[in-house]
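Structure, as structure tokens:
The values are calculated or read from the model by the stated rules, or taken from the named source; none is laboratory data. For clarity, every value in this text was computed on a predicted model and none was experimentally measured. Methodologically, a virtual Cβ is constructed for each residue, glycine included, from the backbone with ideal geometry; neighbour enumeration extends over all protein chains shown. Note: areas computed on protein heavy atoms with side chains; ligands, DNA, RNA excluded. Shrake-Rupley method; radii C 1.70, N 1.55, O 1.52, S 1.80 Å.
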There are 2 protein chains.
Amino acid sequence: MENSYFNGISCPNEYVLALKDTLNVITGKWKLAIVTTLLFEKKRFSDIQRMIVGITPRMLSKELKELEMNGVVVRKVYDSTPVLVEYELTDSGKKLKHIIDTLVQWGLEHREQAIAAFAEAEA
Amino acid sequence: MENSYFNGISCPNEYVLALKDTLNVITGKWKLAIVTTLLFEKKRFSDIQRMIVGITPRMLSKELKELEMNGVVVRKVYDSTPVLVEYELTDSGKKLKHIIDTLVQWGLEHREQAIAAFAEAEA
DNA sequence: TATAGCAGTATACAAAAGGATACTGCTATA
DNA sequence: TATAGCAGTATCCTTTTGTATACTGCTATA
């Protein structure tokens, strides 16, 4: 396994790429919101739009395409009339729950300390 | 504990805020790079700048201020001559290692599947 | 036949994030 | 006394990200 230098620290190349991949998937204003609604169950475009308050169809379309490109979501088209489209998480997508939990956990543990630090920095 | 609606899903208000806090800390082009270099040991401004290839002093300064505001980093000024400034992770900051590990882990597990999905979406 | 819903796209714009470059005041060292 | 290093700041610009608004083609239902 080859190593690369990330911030002067030698570490496996894959680690750096893996980190970038993950960040790619979870950053973006609506990405985690979309993933969260889909964790429950697969949904249609208009369902998602209704559940996520404030999202425009343009952004929903864009984010869904990126999630699909990244293998987090699959778009299923049923050729009924009228056409039915459903968005569903892949296995990888479902595993994002663990990441979300970890992020929430850190946030909870950190919250009080952060508030204190912020108050101090303000003063 | 009060609940709020996140994407139409009822969940504790704190969870949503906690998630936002964490995302605030880890998003930004250089945030995790800075945290990673500091995980090793505390460092001076110019040390960090040397280790993170490509970062400008402007961005480093900006990101460090935000990390400090968020209680992830502490800025220590020793009034020697010339003045010595050191940046160090707080306890919360050190705990970000767990998040980074989780992100890398997901990325590694996901990588092969993602590549396949991408190839398919292209075709 | 008019209306509403589905699944989006198109165009234009505003805001946020990040980059390039130059500069500051300080001091230790050659 | 000139130079280099420390710890940044200031100004301007480009790129990326996200918003607003209108529109498309299709079809089921009233």
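Annotations
- Förster radius 22 Å - calculated FRET efficiency between residue B:88 and residue B:65 (Cβ-Cβ, nearest 0.05): 0.90
- Label point of residue B:82 (7 Å along Cα→beta-carbon): distances to the other copies' equivalent points are 6.8 nm, sorted ascending.
- Entry note, the protein assembly as shown: the mean residue ellipticity at 222 nm calculated from DSSP H runs of n ≥ 4, each adding -39500 (n - 2.57), is -20500 deg cm²/dmol after division by the residues and rounding to the nearest 500.
- Whole-Hz couplings from phi, Karplus 6.51/-1.76/1.60, listed for the range B:46-52; x for Gly and Pro: 5, 5, 4, 4, 5, 6, 9
- Proximal aspartates and glutamates to residue B:65, defined as alpha-carbon separation beneath 16 angstrom and excluding residues fewer than eight positions away on the same chain: A:120, A:122, B:21, B:86, B:88
- Under Karplus coefficients 6.51, -1.76 and 1.60, residue-wise ³J(HN,Hα) of the range B:62-79 in Hz, glycine/proline x: 4, 5, 4, 4, 5, 5, 5, 3, 8, x, 9, 10, 10, 9, 10, 10, 9, 8
- Dipole magnitude for the protein assembly as shown: computed about the Cα centre from +1 point charges on Lys and Arg Cβ and -1 point charges on Asp and Glu Cβ, it is near 520 debye.
- Carbon plus sulfur fraction of accessible area for the range B:1-120, probe 1.4 Å, in percent: 54
- Annotation for residue A:56, label-to-label distances across the other copies: 2.9 nm (shortest first, one decimal, point 7 Å from Cα along Cα→Cβ).
- Max mean-square fluctuation residue, GNM over chain A, Cα-Cα springs under 10 Å, options A:101, A:21, A:79: A:79
- Greater than 24 Å apart at Cα, pairs in B:62/B:95; A:62/A:95; A:95/B:42: A:95/B:42
- Taking 0.36 nm per residue of separation and subtracting the current Cα-Cα distance, fully stretching the chain between residue A:95 and residue A:42 would add 17.6 nm.
- Basic side chains Lys and Arg get +1 at the Cβ, acidic Asp and Glu get -1 at the Cβ, and with that the dipole of the range B:4-110 about its Cα centre reaches some 320 debye.
- Between identical copies, the spacing of residue B:44 label points, each set 7 Å from Cα toward the C-beta atom, reads 6.4 nm from nearest to farthest.
- Reachable aspartates and glutamates, given that their alpha-carbon falls under 18 Å from the alpha-carbon of residue B:20 and they are not under 8 places away in the same chain: A:101, A:109, A:112, B:2, B:63, B:66, B:68
- Once exposed loop GluC sites (Glu not before Pro) are cut out (DSSP; at most 11 other Cβ, 10 Å), longest piece of chain B: B:42-123
- Alpha-carbon centroids, the range B:15-80 and the range A:79-100: separation in whole Å: 35
- For the pair residue A:81 and residue A:29, the difference between a 0.36 nm per residue extended length and the Cα-Cα distance amounts to 15.4 nm.
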